[in-house]
Amino acid sequence: MESAVLKTVGLSAYYEDNQVVNKISLSILENKITAIMGPSGCGKSTLVRCFNRLHELVPGARVEGEVFLKEENVYDMDPITVRTRIGMVFQRPNPFPIMTVRDNVVAGYVLNGIKLSRSERDEIVEQSLKGAALWDEVKDYLHKRGTFLSGGQQQRLCIARALAVKPDLLLFDEPTSALDPKATAHIERLMTELKETVTPVLVTHNIGQAGRVSDFIAFLYLGELIEFGPKGQLLTTPKDKRTEEFLTGKFG
Amino acid sequence: MDSRRLKLRILKDRGFKVGIITLSFVSIVPLILILFYIMRNGVSSLSWEFFIELPRPVGEKGGGISNAIIGSLLLVIIAGLPSIPLGIAAGIFLSEHKNSRLSYWGRLSVDVLQGTPSIVIGIIAYIWLVVPMGRFSALSGGIALGIMMLPAIVKATEETLNLIPDSLKEAALALGVPHYRTVLRVILPASISGIMTGVLISVARIAGETAPLLFTGFGNAFMNWNVTKPVNALPLLIYNYATSPYPQWHKVAWGAACVLVAFVFTLNLVVRIVIRRWKVQF
């Protein structure tokens, strides 16, 4: 039995009185890619934002239920610790515009006031950029601003930035929705390579992407977890009628 | 559509275009006239001595306005020291807590302060500082000007911060960066060009203020570096000399006006450069 990195128990999330995530219990296994799939507005982004406690920063937002990160309840931990252990990559690449490529990678240290020696820093920068398959493209431009890179490169820079702090879990919130097909393919390949070192969670509304990348798929609809299982089983022999309808394009 | 109506529409379009071009020219005519008039009357009094010498008594030739230039700089520094950090802090608060009750009242008071006549702010500084201190001073003048520049800085900071995309803030928060560090190390540096612009424009504005200085800075015929003593300033000097009966002093006032306008013009050029050089792209 593989161990679960993250486990939710009866997790519900609200904006004011509007419930967007409804009593979801699921486990995310170590070194497997779990895709959270569902149509727009089904609460999949909100669900993963409960994992790293970003959801609660929205005014009026509320969370019920529990999230365990390796047996530790995330909601008993300091949110800052949680967020260094659960990294996140967003829909649109968001490198820090005032920082160089190098500073962007070590931003998790620098912004938290952690001092690094030059050799430590250079090693983290190289390791993380290699991990994000960006090293060869930017190794001569480390002193340039991160915003000069192309969209796909910026997104990989954001992945490197998240990898640099060595998280247990890395949340990808529709990471390719602002990218062209080539950059998308690159990121997808990268995610499958990354699962050896960090456990990726992929939020997507794209069935093809979930199929290409993931090991497990959770299908969400209207804030509820409809079905969860290994991708082959869920994509070919879904148990629930709604999953089947989504997969066959009846809605979505 | 028949061609007659089409022609009419094209004609209207042309008429509108000619109209707005003419009107925009008309709107810059006053500025050009003012600049031209100040230059014509003031440039002849400008010389090296004009910048480094003290004013001379009526009847004596030569002399300069060095005390007013230094006084104005002193006043701007005294005004900016408390107002720039306070204004930026208030702007951060208003932008970070958009819907709190305190920010509602804060925003309202900034608007009211912006609309408060400058003479009233002068009186307040007089009551708060001049009366207890027993004399006019650069300090009281600087504080009066500081209150005047506050609203512009608060607004510029708030508006610039509101333009920073949330995604940038989330990027920092998702790395486990605490909120205050996110604001100080990510959001503020990204908005530096807008904040600097607000500060420079407010400096340009208070540099020309006369009314709040009438009973605070008061004016001084001599050089003064002491902030607890009365100090001269360019607009005060212009006011005093222009209302005097001596043609020679009128010439000095024109020269001082020239210097003041050049200063404001330069600040505005600097603003352009700041915007171009430090603008952050997302």
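At-a-glance table
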| item | result |
| --- | --- |
| Residue among A:T46, A:T81 that alone is surrounded by 15 or more Cβ atoms within 10 Å (Cβ to Cβ), among the β-branched types (V, I, T) and within 14 Å of another protein chain (Cβ to nearest Cβ) | A:T46 |
| Complete set of residues in the range A:8-45 that are more than 21 Å from A:T192 (Cα to Cα) and charged (D, E, K, R) | A:E16, A:D17, A:K23 |
| Filtered residues of the range A:100-119 (kept if crowded, with 16+ Cβ neighbours inside 10 Å, part of a loop (DSSP other than H, G, I, E, B) and within 9 Å of chain B (Cβ to nearest Cβ)) | A:L111, A:N112 |
| The range B:234-282, residues that are part of a helix (DSSP H, G or I), of a type in the set (K, R) and within 14 Å of chain A (Cβ to nearest Cβ) | B:R277 |
| Test: B:E170 is within 14 Å of another protein chain (Cβ to nearest Cβ), acidic (D, E) and crowded, with 17+ Cβ neighbours inside 10 Å | yes |
| Criterion: within 18 Å of the chain's Cα centre (by Cα), under 21 Å from B:V199 (Cβ atoms), without any contact (Cβ under 8 Å) to a residue 24 or more places away in the chain and in a helix (DSSP H, G or I) - qualifying residue of B:L31, B:L73, B:L86, B:L113 | B:L73 |
| Residue list for the range A:49-65, restricted to those being touching an Asp or Glu at 6+ places or on another chain (Cβ under 9 Å) and more than 11 Å from chain B (Cβ to nearest Cβ) | A:C50, A:A61, A:R62, A:V63 |
| Options B:G91, B:G42; residue that is in contact (Cβ under 8 Å) with a residue 40 or more places away in the chain, of a type outside the set (A, V, I, L, M), touching a Gly at 6+ places or on another chain (Cβ under 7 Å) and crowded, with 21+ Cβ neighbours inside 10 Å | B:G42 |
| Residue check for B:I195: within 14 Å of chain A (Cβ to nearest Cβ) and crowded, with 17+ Cβ neighbours inside 10 Å | yes |
| Test result for B:V186, more than 11 Å from chain A (Cβ to nearest Cβ), in a helix (DSSP H, G or I) and within 25 Å of B:W278 (Cα to Cα) | no |
| Those helices (runs of 4 or more DSSP H) lying entirely in the range A:120-235 with at least 3 residues touching a residue at least 40 places away in the same chain (Cβ under 8 Å) and surrounded by fewer than 21 Cβ atoms within 10 Å (Cβ to Cβ) | A:181-194 |
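Every number in this text was worked out from the coordinates using simple rules, so none of it is lab data. Source: prediction; values computed, not measured. Positions of Cβ are generated from backbone atoms using ideal geometry, with glycine treated the same way; all protein chains shown enter the neighbour counts.
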